[in-house]
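Enquirer: Once you've had a glance at the structure underneath, I'll fire off some questions.
The values are calculated or read from the model by the stated rules, or taken from the named source; none is laboratory data. Values in this document were obtained by computation on a predicted structure and should not be read as measured data. Here Cβ is always computed from backbone atoms with ideal geometry, including for glycine, and neighbour counts include all displayed protein chains.
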Amino acid sequence: MKITVFSGSHKGREGNTLIMVDEFLKGAEEAGAETENIFLIEKKIGYCKGKFECWLKTPGSCTIRDDMDDLLPKFVASDIAVFACPVYFDNIPAVMKNFIDRLAPVLLPHFEEDKMGEYRHAKRYEKLPKIAVISNAGLPGQTNFEVESLFFKRLARTFHTELVAEIYRGEGEIFRGKNNIMLKPLLGKYKKTLRCAGRELVDNQTLSEKTTRELEKSIVPASLYIKFGNEEWDRLYEENKVD
Ligand SMILES: Cc1cc2nc3c(=O)[nH]c(=O)nc-3n(C[C@H](O)[C@H](O)[C@H](O)COP(=O)(O)O)c2cc1C
């Protein structure tokens, strides 16, 4: 099984999202998956021109020559495509949206009705990858992911595929405290659950209710996260102050 992660943090290899992705992929590899993690911010990906040239002029490929020449075939050849990104103003970051817009060539222009009586474009490929999401948000709570969750459900429908896993972590800045002796065991436990999720997804193509429940638990109470978070903002503010 081939799992490709498309990582959409604008901080790339320094992102909190990467900590989640790394653990998840360890589990997936333990279960025998071949994995790849692509940092979208390091790639040259132009904006979709919106002219449907990938449907009309050069059917199945974009007329823009950039890194999507490699990324689109990698997406199509994956069994599971993982969209991994932080929450930016309740939504996905620009680099991720830009990448997703450029996946338009995987569809055909023609309209069709789906099983639910809604309309979408027909598919160009017999099989497109199943979709999983890994995301983190700076604020505590699962409501920060409401827009993303709906978006990826709709994307899976649009791409004639299934959303097989949604892994959402509020309190995402907690990963910056990875060397804090109080947080280390709590983060260790969470990372273990992420590895378990990676294994389960490869073995069963889905996550168990138990693992999903574990992944959604707060790592520390929200009140504590807010208190220490604000103290950290004050400290960083002082550290960055130019006299
Ligand atoms: C422009 C911008 C908008 C953000 N919007 C939100 C938001 O709406 N809700 C939230 O909880 N966190 C928000 N955050 C915080 C990030 O989700 C958080 O810092 C996350 O841990 C960053 O992940 P990364 O290190 O992988 O980039 C925002 C951050 C930025 C830079």
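Enquirer: Just checking, does segment 58-75 include any residue being farther than 30 Å from GLU146 by Cα, in a helix (DSSP H, G or I) and either within 15 Å of the ligand (Cβ to nearest atom) or aromatic (Phe, Trp, Tyr) (or both)?
Expert: no
Enquirer: Of the conditions (1) over 19 Å from the mean Cα position of the chain (by Cα); (2) at positive phi, LYS178 satisfies every one except a single condition; which number is it?
Expert: (2)
Enquirer: Sort through LYS123, LYS115 and tell me the only one that's at pLDDT below 95 and over 15 Å from the mean Cα position of the chain (by Cα).
Expert: The match here is LYS115.
Enquirer: Take the residues in segment 126-151 that are more than 16 Å from the ligand (Cβ to nearest atom) and in contact (Cβ under 8 Å) with a residue 60 or more places away in the chain, then tell me which one is surrounded by the most Cβ atoms within 10 Å (Cβ to Cβ).
Expert: Looking at residues that are more than 16 Å from the ligand (Cβ to nearest atom) and in contact (Cβ under 8 Å) with a residue 60 or more places away in the chain, I get ALA132.
Enquirer: Please go through segment 78-96 and pick out each residue that is more than 11 Å from the chain's Cα centre (by Cα) and within 15 Å of the ligand (Cβ to nearest atom).
Expert: Selection gives TYR88, PHE89, ASP90, ASN91, ALA94, VAL95.
Enquirer: How about segment 213-243: which of its residues are part of a helix (DSSP H, G or I), free of Cβ contacts under 8 Å to residues at least 24 places away in the same chain and closer than 26 Å to VAL82 by Cβ?
Expert: Passing the criteria: ARG213, GLU214.
Enquirer: Any residue in segment 85-99 that's part of a helix (DSSP H, G or I): show its pairings with residues that are of a type in the set (A, V, I, L, M) and near the ligand (Cβ under 8 Å from one of its atoms) at Cβ separation under 9 Å, as long as the two are six or more apart or on different chains.
Expert: none
Enquirer: Right, something else. Within segment 192-211, which residues are hydroxyl-bearing (Ser, Thr, Tyr) and within 14 Å of MET20 (Cα to Cα)?
Expert: Answer for segment 192-211, where residues must be hydroxyl-bearing (Ser, Thr, Tyr) and within 14 Å of MET20 (Cα to Cα): just THR193.
Enquirer: Scan segment 17-31 residue by residue and report those that are within 18 Å of GLY177 (Cβ to Cβ) and either over 12 Å from the mean Cα position of the chain (by Cα) or more than 7 Å from the ligand (Cβ to nearest atom) (or both).
Expert: Within segment 17-31, ILE19, MET20, ASP22, GLU23 meet the criteria.
Enquirer: Among residues belonging to segment 1-54 that are of a type in the set (Ser, Thr, Tyr) and not in a helix (DSSP H, G or I), point out the one that is nearest to ASN136 (Cα to Cα).
Expert: The extreme case among them is SER9.
Enquirer: Identify the residue in segment 113-122 that is in contact (Cβ under 8 Å) with a residue 12 or more places away in the chain and not in a loop (DSSP other than H, G, I, E, B) and, among all such residues, is farthest from the ligand (Cβ to nearest atom).
Expert: ALA122
Enquirer: Now for a different question. Considering only residues of segment 123-143 that are in contact with a Pro (Cβ under 8 Å, 6 or more places away or on another chain) and assigned to a strand (DSSP E or B), which is nearest to GLU162 (Cα to Cα)?
Expert: Looking at residues that are in contact with a Pro (Cβ under 8 Å, 6 or more places away or on another chain) and assigned to a strand (DSSP E or B), I get SER135.
Enquirer: What's the number of the condition VAL164 fails, among (1) under 22 Å from ILE100 (Cβ atoms); (2) β-branched (Val, Ile, Thr); (3) in a helix (DSSP H, G or I)?
Expert: So the condition that VAL164 fails would be (3).
Enquirer: Got at least one residue in segment 169-179 being surrounded by 15 or more Cβ atoms within 10 Å (Cβ to Cβ), at pLDDT 95 or above and part of a loop (DSSP other than H, G, I, E, B)?
Expert: yes
Enquirer: Additional query: Of all residues in segment 121-130, which are among the hydrophobic types (A, V, I, L, M, F, W, C) and touching an Asp or Glu at 6+ places or on another chain (Cβ under 7 Å)?
Expert: ALA122
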